[in-house]
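> I'd like to ask some things about the structure below.
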Amino acid sequence: MSSSGDELPDDETAPRSSNGLDEILIFGSPETRRRFLKQVAGTSAVIAVGPRLGLFAQKISETAGGSAPASAAKLPLRLKINGKDVAVEVDTRITLLDLLREDLHLTGSKKGCDHGQCGACTVLVDGRRINSCLSLAIVHDGEEVTTIEGLAKGEQLHPVQAAFVEHDGFQCGYCTPGQICSAVACIKEGHVKSDDEIREWMSGNLCRCGAYPNIVDAIKGAAGKGT
Ligand code: FES
Ligand code: FES
């Protein structure tokens, strides 16, 4: 039911601020909004709160796909990527995956779901595996990133890469860079005591080709060689 006058609207018809932010997102409920407005109306508090809410709303609107700001914030970022120092200026909204693939042309890390669900984008940051599609590049200032391109030493494959080849641990290969990065960390973490444990600790990396049995064999093989 729509509203008029002093009535607050139902959730479906809740007002949107000029920058597209649903006010319910800020206030939680119509009652909270009403109380809040009464408290600040006609006081200097509105001067202090207004700009902050405006900024907050702008950020949420941008995140939700609203119009882009006139100029995106850029900040300097220093990383060590595959052993090389990299200094770039980045849009503060860019993900680590997009920075690697689009700006630095390290396309080994794959974009599968872009939602943290498939693991195709797995890279190692300071030795820890992360989904790079879910992580803003700027938060990794000063950290060390290893992608699939950084595992081999020249022509010599990393032992986990070699094990994937030996055990036929891939078919189309799309998930493979993420599987291998994840497997390197899985072995280092010591989560390789049984097939079940490997499956559990590799469960963030999906393989649409269903190469799972061979992936487990490859990880066991690499771990058995003291990788
Ligand atoms: Fe990052 Fe799927 S692309 S988890
Ligand atoms: Fe094709 Fe895993 S080898 S998705």
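> Given H placed 1.01 Å from N in the peptide plane, which residues other than close sequence neighbours of residue 136 have an amide H under 5 Å from its amide H?
So residue 136 has HN proximity to 96.
> Using the Karplus curve 6.51 cos²θ - 1.76 cosθ + 1.60 with θ = phi - 60°, work out ³J(HN,Hα) for each residue of segment 113-123 in order, rounded to whole Hz, and write x for Gly and Pro.
9, 6, 10, x, 10, 10, x, 5, 9, 4, 10
> Please report, in debye to the nearest 20, how large the charge dipole of segment 122-227 is about its Cα centre when each Lys and Arg carries +1 at its beta carbon and each Asp and Glu carries -1 there. Kindly include the intermediate steps, with their values, before the conclusion.
Values: 9 positive and 14 negative charges, 28 e Å.
Magnitude of the dipole: close to 140 debye.
> Counting every Cα pair in segment 154-227, what percent are over 13 Å apart?
Values: 1570 of 2701 pairs.
Of all Cα-Cα pairs in segment 154-227, 58 percent lie more than 13 Å apart.
> Something else: To the nearest 0.05, how large is the calculated FRET efficiency for residue 80 and residue 225 if R₀ is 35 Å and r is the Cβ-Cβ distance?
Values: r = 27 Å, r/R0 = 0.78.
After rounding, the FRET efficiency stands at 0.80.
> Would you pull out the residues with amide H under 5 Å of residue 109's amide H, same chain only if 5 or more places away, H placed 1.01 Å from N?
So residue 109 has HN proximity to 148.
> Can you run phi through the Karplus equation (6.51, -1.76, 1.60; θ = phi - 60°) for segment 137-149 and list ³J(HN,Hα) in whole Hz, with x for Gly and Pro?
4, 5, 6, 9, 3, x, 9, 10, 10, 10, 10, 4, 5
> While we're looking at this one, here's another question. Of all the Cα-Cα pairs you can form in segment 94-224, what percent are over 24 Å apart? Write out the running numbers ahead of the final one.
Working: 1844 of 8515 pairs.
When every Cα pair of segment 94-224 is considered, 22 percent fall beyond 24 Å.
> Still on this structure, I have one more. Would you mind checking which residues have amide H under 5 Å from residue 81's amide H? H placed 1.01 Å from N; only 5 or more apart, or other chain.
Residues meeting the criterion, in which the H sits 1.01 Å from N, are 86, 145.
> Given a Förster radius of 25 Å and the C-beta distance between residue 157 and residue 209 as r, what FRET efficiency does 1/(1 + (r/R0)^6) yield to the nearest 0.05? Intermediate results must be reported in sequence, preceding the final value.
On the way: r = 21 Å, r/R0 = 0.82.
Using R0 = 25 Å, I get an efficiency of 0.75.
> Related question: May I ask you to compute the full-extension gain from residue 92 to residue 134, defined as 0.36 nm times their residue separation minus their alpha-carbon distance, rounded to one decimal in nm? Mind dumping the intermediate values first?
On the way: separation 42, 0.36 × 42 = 15.12 nm, distance 1.35 nm.
Extra length from residue 92 to residue 134 when fully extended: 13.8 nm.
> Let me ask something additional. For residue 193 and residue 102, FRET efficiency with R0 = 22 Å and r from the beta-carbon atoms, rounded to 0.05? Before the final figure, lay out each step's value.
Numbers: r = 39 Å, r/R0 = 1.77.
The formula returns an efficiency of 0.05 here.
> What is the fewest-to-most order of 132, 182, 203 by other Cβ atoms lying within 10 Å of their Cβ? Walk me through the intermediate numbers first.
Values: 132 29, 182 26, 203 11.
Neighbour counts put them in this order, fewest first: 203, 182, 132.
Every read-out reported here was derived from the displayed coordinates using simple, explicitly stated rules and does not represent laboratory data. What you see is a predicted model; the values in this text were computed from it and never measured. Backbone-built Cβ (ideal geometry, glycine too); neighbour counts: all protein chains shown.
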